[in-house]
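The values are calculated or read from the model by the stated rules, or taken from the named source; none is laboratory data. Since the structure is predicted, the reported quantities are computational estimates derived from the model, not experimental observations. Neighbour counts run over all protein chains shown; Cβ positions are idealised from the backbone, glycine included. Areas reflect the complete protein model, heavy atoms only, side chains present, ligands, DNA and RNA absent. Shrake-Rupley method; radii C 1.70, N 1.55, O 1.52, S 1.80 Å.
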Amino acid sequence: MDLSYDNPLIQTNIMKKFLTILAIFGLLFVSCSDDDPVIDPAPIEPDPITYTSGTADFSNYVSVGASMTAGMSDAALFIDGQTASYPNMLAANFALVGGGTFNIPFMADNLGGLTLMGQPIPGAGNRLILSFASGDPTPTPVSGTGSTEISNVLTGPFNNMGVPLAKSFHLLAPGYGNLAGVPAGLANPFYARFATSPISTVVGDAAAQNPSFFSLLIGMNDILAYASSGGDGVDQTGINFDPSTYGSNDITNPNVFAGIYDGLLQTLTANGAGGVVGNMPDITTIPYFTTVPHNPVPLDEGTAALLNGAYAEYNGGLAQLQGLGLISVEELAQRTISFTAGAGNAVVLLDEDLTDLTSFNPALVNMRQATSEDMLVFTSQTIIGTLADPNNPTSINGVAVPLADKWVLTPEEQQAVAAATMAYNQTIEALATQYDLAFVDIKSFLEGLLETGVPLSDGSTVTSTYATGGGFSLDGIHPSPRGYALLANLFIESINAKYGSDLPGVNPLDFTGLYIN
């Protein structure tokens, strides 16, 4: 892509830094003859600011990571999103101080989605949009089939080596971009369309470009799959050190992550390249986990009474077993189900961490009502209130039928996520110091986005509130273009501090907070 000074992104940043020199001239009219000349001074042209790279060499920048590095947003990868990726914004700044071309493996359209031999690939769906044309603001996927056919392998090299869905160990896995492995789920379709060979690795393809500077942001997917599935996976911490045997929703063992991350940095710095790394956010601060309330159920008095009658036997069975000392008074209170007339009734859910009482009574399943400490995943709103059995109008999910584990991240599951996040971040920060790299504290930044927001020059504030906050896209996980701009500036601040450069950053107001059709 064009990163010359004619590039609007670069041009905007330069022009905003121009010194404005206004020469105020008064014309002096002297009462002399008409032949007296009127002096018109030559205009004074403003001089542009000259930026410096400090001790860094940005001539060949390569970014390595997963979906955020690629520029994914609104649940898809598409051209506009790739253009608004934070690495592309960094590259535009680097171009001000000698940075070279930044090649991106662009998708074929702005729809998103991938096909293999014309057949849509599951899990690589179309982008979400917010449209008020129908009067319903619910985000919906753009209709149609994307034109990005992965068998049309692109010829690189590509500076943006961001691969959506990748976990840390995938970056070192030979064959992760093998086209033949895609149908069986053994390879990544996004990487398969631009891998240099069927046996290449992501980090190998990145290092082969001999980067002078790199960015690395990886590890979120090592936790996110577990969290977004409501803990429907295995926390491999202290259990399994072989990631090739992990399930798709498992948490990567922190010791495994540490070894992999060290290996990635060894490869990327082997030729003396400088770089910047970012830590992992607390993913429970992102809209995917903070949008759906635990108590969204409204009931009239008659329905509330009917439900309480239906759960009376369950509550009575719990009380009986508590009396026998099989569960504590606290667990009895936790598991007792009660509804009231009006709004604000908590959903009923299954919780695998409760005491298993089914050997005493098969009807006493591990269920309870949600509390404010539970986090309902974003997609749970599509199931709450629907019928588990279309022929039974009383089989209401989340009310008469408990929500499955995959719809809720319980406090115990949140602790597993938090522990892994802390361990990963300790590794990332320590290795950033060991390899003498710039370090970006994304975790603290996103916590601030949730708690106070980030004020902009026009008086607006970017927050993490779903849809209206401007910081996140409609999938509730990936930033919006404006959110990516804030992230890019965070990277640039760290780079400037570490390498003594004075890169100007980008203006978040130049990027949209939400795509609306």
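What the table shows:
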quantity: Any hit, segment 355-362, residues being surrounded by fewer than 19 Cβ atoms within 10 Å (Cβ to Cβ) and either touching a strand residue (DSSP E or B) at 6+ places or on another chain (Cβ under 7 Å) or in a helix (DSSP H, G or I) (or both); calculated: no
quantity: Single unsatisfied condition, L349 versus (1) of a type outside the set (S, T, Y); (2) in contact with a strand residue (DSSP E or B) (Cβ under 9 Å, 6 or more places away or on another chain); (3) exposed (fewer than 15 other Cβ atoms within 10 Å of the Cβ); calculated: (3)
quantity: Positions within segment 381-413 being open to solvent by 40 Å² or more (accessible area, probe 1.4 Å) and polar (S, T, N, Q), in sequence order; calculated: Q381, T382, T386, N391, N392, T394
quantity: Residues satisfying the stated conditions in segment 150-170, i.e. farther than 13 Å from M220 by Cα, of a type in the set (A, V, I, L, M) and in contact with a helix residue (DSSP H, G or I) (Cβ under 8 Å, 6 or more places away or on another chain); calculated: I150, V153, M161
quantity: Residue list for segment 231-248, restricted to those being in contact with a helix residue (DSSP H, G or I) (Cβ under 7 Å, 6 or more places away or on another chain) and over 16 Å from A419 (Cα atoms); calculated: D232, F241, P243, S248
quantity: Within segment 441-462, tally of residues that are of a type in the set (S, T, Y), closer than 24 Å to G219 by Cα and part of a loop (DSSP other than H, G, I, E, B); calculated: 0
quantity: Candidate set: segment 282-293, residues that are in contact with a Leu (Cβ under 8 Å, 6 or more places away or on another chain) and in a loop (DSSP other than H, G, I, E, B); chosen: the one most open to solvent (accessible area, probe 1.4 Å); calculated: P293
quantity: Search result, residues across segment 184-225 that are in contact with a helix residue (DSSP H, G or I) (Cβ under 8 Å, 6 or more places away or on another chain), over 28 Å from T284 (Cβ atoms) and open to solvent by 20 Å² or more (accessible area, probe 1.4 Å); calculated: T196, P198, T201, G204, A207
quantity: Failed condition for R368, given (1) within 23 Å of the chain's Cα centre (by Cα); (2) farther than 20 Å from G476 by Cα; (3) not β-branched (V, I, T); calculated: (1)
quantity: So A173, is it among the aliphatic types (A, V, I, L, M), open to solvent by less than 50 Å² (accessible area, probe 1.4 Å), without any contact (Cβ under 8 Å) to a residue 40 or more places away in the chain and more than 29 Å from A56 (Cα to Cα); calculated: yes
quantity: All positions within segment 431-453 that are buried (at least 20 other Cβ atoms within 10 Å of the Cβ) and touching a strand residue (DSSP E or B) at 6+ places or on another chain (Cβ under 7 Å); calculated: A432, L437, A438, V440, I442, L449
quantity: Test: residue in segment 505-512 that is in contact (Cβ under 8 Å) with a residue 60 or more places away in the chain, charged (D, E, K, R), touching a Gly at 6+ places or on another chain (Cβ under 7 Å) and over 19 Å from L217 (Cα atoms); calculated: no
quantity: Failed condition for A370, given (1) aliphatic (A, V, I, L, M); (2) under 27 Å from T291 (Cα atoms); (3) open to solvent by 30 Å² or more (accessible area, probe 1.4 Å); calculated: (3)
quantity: Selection within segment 191-218 - assigned to a loop (DSSP other than H, G, I, E, B) and of a type in the set (A, V, I, L, M, F, W, C); calculated: F194, A195, I199, A208, I218
quantity: Residues located in segment 380-398, provided they are in a loop (DSSP other than H, G, I, E, B) and closer than 15 Å to A346 by Cα; calculated: I383, I384, G385, G398
quantity: Of all residues in segment 329-342 being free of Cβ contacts under 8 Å to residues at least 40 places away in the same chain and not in a helix (DSSP H, G or I), the one that is least open to solvent (accessible area, probe 1.4 Å); calculated: I337
quantity: Residues located in segment 248-273, provided they are surrounded by 19 or more Cβ atoms within 10 Å (Cβ to Cβ) and touching a Leu at 6+ places or on another chain (Cβ under 7 Å); calculated: I260, Y261, L264, L265, L268
quantity: Flag if G135 is at pLDDT 95 or above, open to solvent by 10 Å² or more (accessible area, probe 1.4 Å), among the small types (G, A, S) and out of contact with any helix residue (DSSP H, G or I) (no Cβ under 7 Å at 6 or more places or on another chain); calculated: no
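Quick grid of which residues meet (1) over 20 Å from L376 (Cβ atoms); (2) in a loop (DSSP other than H, G, I, E, B); (3) out of contact with any Pro (no Cβ under 6 Å at 6 or more places or on another chain):
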site	(1), (2), (3)
A270	yes, yes, yes
V277	yes, no, yes
N295	no, yes, yes
G309	yes, no, yes
E313	yes, no, yes
Q320	yes, no, yes
I327	yes, yes, yes
G344	no, no, yes
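Results for (1) surrounded by fewer than 19 Cβ atoms within 10 Å (Cβ to Cβ); (2) assigned to a helix (DSSP H, G or I); (3) over 12 Å from the mean Cα position of the chain (by Cα), shown as yes or no for each residue.
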| position | (1), (2), (3) |
| --- | --- |
| I477 | no, no, no |
| Y484 | no, yes, no |
| N489 | no, yes, yes |
| I492 | no, yes, yes |
| A497 | yes, yes, yes |
| L503 | no, no, yes |
